Amino acid sequence: AEWTPETGWAAPTVKQYGPLQLDPATAVLHYAQEIFEGLKAYAHEDGSVWTFRPQANAERFQRSAHRLALPELPVDWFVGSIDALVQADRAWVPTGGETSLYLRPFMFASEAFLGVRPSKHVTYCVIASPAGAYFAGGVKPVNIWLSREYARAGAGGTGAAKCGGNYASSLLPQQIAAEHGCEQVVFLDSEQHTYIEELGGMNLYFVHDDGTIVTPASDSILEGITRDAIGTIAGDLGHTVEERRFGIDEWVDGVSSGRVTEVFACGTAAVVTPVGALRWDDGEVVSSDGEGGKVTMAIREALIDLQYGRTPDTHGWMHRVA
Ligand code: PMP
């Protein structure tokens with residue numbers, strides 16, 4: 001769908017997948033005025049198709065749009081555009097195992113204009129792509145590289161928005177992480193270089209020996225919808241959940257002393273992933289070298305059972321698409 005200040009949003013249409021043709025001066029190519037979302041559609045055993053909290057994605061998309069000076073999209077319009085795409089051919093939604101249809105709504109500055117001001121032509125698209133199980137052959141812990149040199153986002157910046165630019169700044173640290181045998185990078189706050197923010201594409205939780213689970217508080221992280229849901233689910237399972245500043249020393253010392261018993265990462269793609277090693281220049285601490293801890297796996301199962309319709313949706317999070 002296309003937007004201009006004069007016409008507002010035109011009704012979205014479903015099209016055959018194919019290349020976009022862009023003028024070389026298209027604003028997004030130069031100034032990165034772009035935002036996106038990621039969510040999944042799940043086939044349930046009775047053949048129905050559902051998304052998980054799409055209104056939360058719609059609201060985050062609105063917050064991202066505001067920060068990037070892009071036009072606002074009504075929540076119902078956003079959710080309806082995804083429903084219409086999935087309904088176009090429900091055979092796109094794979095069945096069996098932990099498979100899903102990955103959905104990628106995005107909006108970008110499509111005006112051909114070389115000047116730094118908000119674009120007067122904006123394009124909105126949704127890509128649908130079948131996704132296999134994130135972990136084929138059992139859940140495996142991810143190793144994390146501690147990025148001391150680079151931050152992902154600063155105070156007052158775009159860290160809380162889901163915009164492409166944030167990911168551009170995380171590519172180099174991510175590459176350095178890979179050179180150290182790590183699948184993910186963990187970022188610290190950009191001012192004191194002390195407090196844990198998040199991974200390149202996931203949020204974090206720390207399970208403590210008294211059953212408390214802690215997720216880092218910050219104004220410059222992406223507020224994950226999985227993270228939010230886990231806060232509620234962990235509460236249902238009897239855990240005390242805290243969102244507070246959490247220092248890198250608390251991770252290292254906590255794992256070393258046994259006070260932190262499990263560390264896990266969470267996001268739409270992998271749902272819940274046990275964290276294995278945290279590595280830095282001259283050291284590492286390992287919180288899981290096997291399958292993932294009991295609390296991590298119980299939370300993972302509770303969330304997946306809900307998404308695949310195997311347990312009752314007591315929080316009203318599932319949205320029926322087809
Ligand atoms: N942080 C970042 C930087 C991410 O890219 C993602 C994935 N969207 C998350 C956290 C997790 O968010 P969600 O649970 O909404 O997928």
Residues located in region 305-322, provided they are acidic (Asp, Glu) and assigned to a helix (DSSP H, G or I): 305
Those residues of region 201-225 which are out of contact with any His (no Cβ under 8 Å at 6 or more places or on another chain) and surrounded by fewer than 21 Cβ atoms within 10 Å (Cβ to Cβ), in sequence order: 201, 208, 209, 210, 217, 219, 223
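For (1) farther than 27 Å from residue 162 by Cα; (2) touching a helix residue (DSSP H, G or I) at 6+ places or on another chain (Cβ under 9 Å), each residue gets a yes or a no:
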| residue | (1), (2) |
| --- | --- |
| 218 | no, no |
| 224 | no, yes |
| 240 | yes, yes |
| 260 | yes, yes |
| 292 | yes, yes |
Residues of region 218-254 satisfying the condition of being hydroxyl-bearing (Ser, Thr, Tyr) and over 13 Å from residue 299 (Cα atoms): 218, 220, 240
Region 183-193, residues that are assigned to a loop (DSSP other than H, G, I, E, B) and within 16 Å of the ligand (Cβ to nearest atom): 183, 189, 190
Members of region 228-254 found to be under 21 Å from the mean Cα position of the chain (by Cα) and either within 15 Å of residue 198 (Cα to Cα) or of a type in the set (Phe, Trp, Tyr) (or both), listed by number: 228, 243, 244, 245, 246
Filter result for residue 292 (surrounded by 15 or more Cβ atoms within 10 Å (Cβ to Cβ), small (Gly, Ala, Ser) and either part of a strand (DSSP E or B) or at pLDDT below 95 (or both)): yes
Residue 136 vs. criteria modelled with pLDDT under 95 and either more than 16 Å from the ligand (Cβ to nearest atom) or over 25 Å from residue 274 (Cβ atoms) (or both): yes
Answer residue from region 113-124, given it is of a type outside the set (Phe, Trp, Tyr) and over 13 Å from residue 32 (Cα atoms) and is nearest to the chain's Cα centre (by Cα) among those: 123
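The values are calculated or read from the model by the stated rules, or taken from the named source; none is laboratory data. Remember, predicted model here, so these are calculated numbers, not experimental data. Cβ coordinates were reconstructed from backbone atoms using ideal geometry, including for glycine residues, and neighbour counts include every protein chain displayed.
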